[in-house]
Amino acid sequence: MRLLVVEDEPDLLTGLTVALRREGYSVDTAAEGEEGLYKALHTDYDAILLDVMLPGIDGWEILRRLRLKRATPVLMLTARDRSADRVRGLDAGADDYLTKPFDTPELMARLRSLIRRSLHHPQSDLTIGEVSIHLAARTVTRLGKSITLTAREYVVLEFLALHRGELVTRTALYDHLFDENESTLSNILDVHIFNLRKKLGQNFILTRRGHGYIIE
Ligand code: CA
């Protein structure tokens, strides 16, 4: 899952980025409004964390302009705990709202829930055939037995599973699983898919030649 964090306080931006990467997200960042809006409009993020008070254009204006073009889930971050702001945020098309200072575990839980809802999976467990994916704990079992996956293998599996029944192109996987700073070898994805099949069954992830991958 690839996220955009728009936040002008350097310590908070760095702290959030580190915490989110540790959870396995790919993270792009913007420290001011124009850059945030540009990235939000031009990349298909799984969710955006958007600070309200920003230099340049503020979070409200970014949200307003984004909503003319995209339905990307947005979690607004604000220093003010005023219900008028909350109402304004939700009316403007924010999907959720968090007041600073916030707890990292709460942020992570809300983010997971936001992404699941946007993909129409309100449950936090996903069972497909022999395989169960526990999205909150980020663990996987096959026939009840725990399966050890690398962080990357997990995010590939999670993305395909949340888009179950849809053909996911290689481009989409690269766009959603790697951030703007990562240079990746083109064969890395094949290695992850190879390993996932070894662990979860050869036919768990199907290849559509020249198009991409699908979990039926
Ligand atoms: Ca700010």
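What follows draws every value from the coordinates through simple rules; no lab data is involved. The shown structure was predicted, so the numbers you read here are calculated from the model rather than taken from an experiment. Because the Cβ atoms are built from the backbone with ideal geometry, glycine has one as well, and the counts that use them run over all protein chains shown.
Observations on the model:
- Cα gyration tensor shape of region 97-136, rounded if a/c is under 1.5, else prolate or oblate by comparing a/b with b/c: oblate
- Farthest toward positive dipole pole in the chain [+1 Lys/Arg, -1 Asp/Glu at C-beta], among TYR213, SER113, MET53: TYR213
- Phi-derived couplings, Karplus 6.51 cos²θ - 1.76 cosθ + 1.60 at θ = phi - 60°, listed residue by residue for region 206-215: 9, 9, 9, 3, x, 10, x, 10, 8, 9 Hz, with x used for Gly and Pro.
- Top positive-direction residue, dipole computed over region 1-144 with Cβ charges, set LEU16, PHE102, THR72: THR72
- If the convex hull is drawn through the Cα atoms of region 2-118, its volume per residue in Å³: 90 Å³
- Taking a quarter of the surface of the Cα convex hull of region 125-214 gives a mean projected area of 5.8 nm².
- Cβ-placed point charges (K, R +1; D, E -1), dipole of region 125-214 about Cα centre in debye, nearest 20: 480 debye
- Cross-link partners of LYS145 among lysines (Cα-Cα below 28 Å; sequence separation of 8 or more within a chain): LYS198, LYS199
- Two-decimal log10 I(q)/I(0) for the chain, as the Debye equation yields it once each C-alpha is a single scatterer, q = 0.18 Å⁻¹: -1.29
- If only the Cβ of Lys and Arg carry +1 and only the Cβ of Asp and Glu carry -1, the dipole of the chain around its Cα centre is close to 1020 debye.
- Relative contact order (%) - criterion: Cα under 8 Å, at least six apart; region: region 2-118: 23 percent
- Peptides ranked, highest mean first, by Cβ atoms within 10 Å: ranges 115-124, 47-56, 70-79, 85-94: 47-56, 70-79, 85-94, 115-124
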